[in-house]
Amino acid sequence: MSSSPPPSRLRQVAPWVCVAGVLAYVLVAPVLFTATGASSTWPAWLVGIAAVGLAVAAALIAARSSRDDLASHEDLLLAYRRAEERADAASAALDALAKEQLPAFLDSEPAPPLPHLPGDARAQARLDEAAGMLARVQEERVARRDAVQVAVVALSRKVQAAAHRIQEEAARMVQRHPTDADILQTSMRVDHAAAQQARQAQSLAALCGEWPGQQWSEPLPLPDVVKGAASRITAFHRVEVSGDPGVAVSARIVEPLIHLVAELLSNATQSSPPTTQVLVALRQVQRGAVVEIDDCGVGLDLKQLEQARDIASGKREISITELGEIPQTGLAVVGTYARRHGFRVDVTESVYGGLRAIVMIPAELTEAVVPSGMLTPAATLPSANVPSTGVAALASSRAATAVVEAPLPRELPTAKPAEDDEWPAPAAPDAATVLPVEPLSVPGDVVEDEEETPVAGAHVKAPGELPLRPGRARPEDDEFPEPAALPQRRSRRGEADVPTDRAEPRPEPRTEDAGPAQTAEEAGEWMGAFFSSSEARFGDSPDSSEPPAGAGGTSEDR
Amino acid sequence: MDSEEYRDHPVRSYVLTSGRAHPSRNTLRPETLVRAVESRPVLSTAGRLERELVQLCHGTLALAEVAAYLQLPVSLVAVMVSDLVDAGNLTIRSNHQAHVLPGKDILEKILDGLRKL
């Protein structure tokens, strides 16, 4: 009886048996004592002992059974609590599965860890199984998406390359017919269409997280960046650029920035009336350079504006899979570039009523450049990249001629035409103003290495001339003197390896036969003869006999 | 000219001329000489290329030369030059007509010579 709980009947009966035993003894004892007398007391004692024994046994049974009851009650309570905990954990796990893992799975984000289920191995195993399957499906999905993106990138690259090829062909067409305006018009239209095609393809690639296809090797001044961006949108003629802060952007971000600005310009032109301009203001700020694009549309409401701002600034990432049925790629592309290159982009309301997009290019991505008001032709002149044409040769020889005259400005006005000089000098008044800028020709050496080649080549054509420094001392220099430290455009050409003459000392003053050979009008005739003979397009070729030097009187200004 | 190396540039030609391919004046030929007007400052709205072009022409240059320096097609430069001439920054110098139409005295001399034959 001690190990197993007592039968319930006995447990209920035991206290009553105990009470009945005591009562029976109390009632029976006097009767027995009085009836039997003092002589025979043993039956009374016997009954008494039996009654007490009965009571004690009953009490013991009752006490024991109540203790067992308590223990089993506690056991039950414990079991109940444990079951409750397990149920809570299971429902929490279920919640986590339904409310965290599944949405994360749908958004293709990393899922939070599932809660652990202690003491319920079967439920835990099921849960792990479910989570594992989710993870596997997600992996497959990511892999499939990556594969799609790779394919999209490859296709958009192909489209882009094809578009650039069209542009190249259009440019070559113009090169073949350099003077035909109709062909230029056609080429422009083709070029424009292809440029937009290339931009759309590049947008796709950018949204897939790829680097833009085109790359430029030289920094580009900010106004040219905006113009380059404008050339990729449909309504390029509505873009109005103001300001030239004298800032260029580094070569490696030229293409991303052009594409970014093109998308903003495209949005701006599309969301404003076709008769309005899109105003682009450029300015330099302490932390870099700023491009502000204002349109004159109706703008966005606050909620849309907030969304647009999140996307454009790169705060909210939009991948190609989230574009939707009517893809709005513009701001998503902007955001992609902003994240990747550290541009700061913001979209606010414009004072003109529409939107204002602001792009800040960090200072470390910009370079100083000569502001457009201070351009020096010397920096750009001999870089003409058309070596195979007669024009280039002429240009080179002209550059040489211009230099030759520089050292002796005083003699120029009286100088006689020289027979060996086939190209006229710039008009005398210009040459006479050269002297003040001559010192500039010394510090520019390093930058102009590559530019000397055509000049040296020109000297081959004009024997008897001393080798001289290239055309830094152009007559034009005096009006726009160029600080030596300013960056200059480099010629990317380096194929011609005619020995340069950089090490030469200052050129000796020339004798007077180095003076201007011909008048400008003769030069014009020469050019006319050249073109008429080479292309036979210009049937009215001038008589190539040389008019006297005073023929300037026949010129007319139109 | 087909052998020319093709060089791409981010700024396309149609942006330089606002999409116009035909110059505002039809007298420009590759050999036409243009010259900057020294007294007239370039408009502040002019781009880098226009400024560069005007400065190139501070010495008289033929249109074809300008195009070669700027590495742009002659027909495109013709549009730009034409605009700059309209704006008064460039002038055209040409004796083109002078030798298309010989002087009256020369014609008379030829006529005399023919009669003497």
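Values in this text are rule-based calculations from the coordinates and carry no lab data. In this text, all values refer to a predicted model and were calculated from it rather than measured experimentally. Heads up, the Cβs are rebuilt from the backbone with ideal geometry, glycines too, and the neighbour counts pull from every protein chain shown.
General remarks:
- Exposed-site-free run, longest, chain B (rule: GluC sites (Glu not before Pro); DSSP loop; at most 13 other C-beta within 10 Å): B:39-117
- Prolate/oblate/rounded call for region A:278-356, Cα gyration tensor, a/c under 1.5 rounded: oblate
- Each eigenvalue of the Cα gyration tensor of region A:8-105, multiplied by 5 and square-rooted, gives one semi-axis; in descending order these are 64, 8, 6 Å.
- Sequence-separation-based contact order of region B:13-116, relative, with Cα cut under 8 Å and 6+ spacing, percent: 35 percent
- With 0.36 nm allotted per residue and the present C-alpha distance subtracted, the A:L102-A:A368 stretch has 90.5 nm of extension available.
- Net charge over other residues, Cβ less than 13 angstrom from the Cβ of A:R81 (K, R count +1; D, E count -1): -3
- Overall dimensions of region A:216-369, expressed as equivalent-ellipsoid semi-axes from the Cα gyration tensor (√(5λ), whole Å, largest first), are 23, 18, 14.
- Each of B:V66, A:V241 was scored by other Cβ atoms within 10 Å of its Cβ. Listed from fewest to most, they are A:V241, B:V66.
- Between amide H atoms placed 1.01 Å from N, distances below 5 Å from B:V34 occur with B:L61, B:A62, B:L63, B:R93, all of them 5 or more places distant or on a separate chain.
- Descending principal axes extents, region A:82-238, alpha-carbon based, whole Å: 94, 28, 27
- The relative contact order of region A:216-369 comes to 26 percent, based on Cα pairs under 8 Å that sit 6 or more residues apart.
- Alpha carbon Rg of region B:13-116, scaled by the compact-globule rule 2.2 N^0.38 Å: 1.37
- Environment charge at A:A93 (Cβ cut-off 13 Å; Lys +1, Arg +1, Asp -1, Glu -1): -3
- The stretch between A:R145 and A:R172, if pulled fully straight at 0.36 nm per residue, gains 5.7 nm over its current Cα-Cα span.
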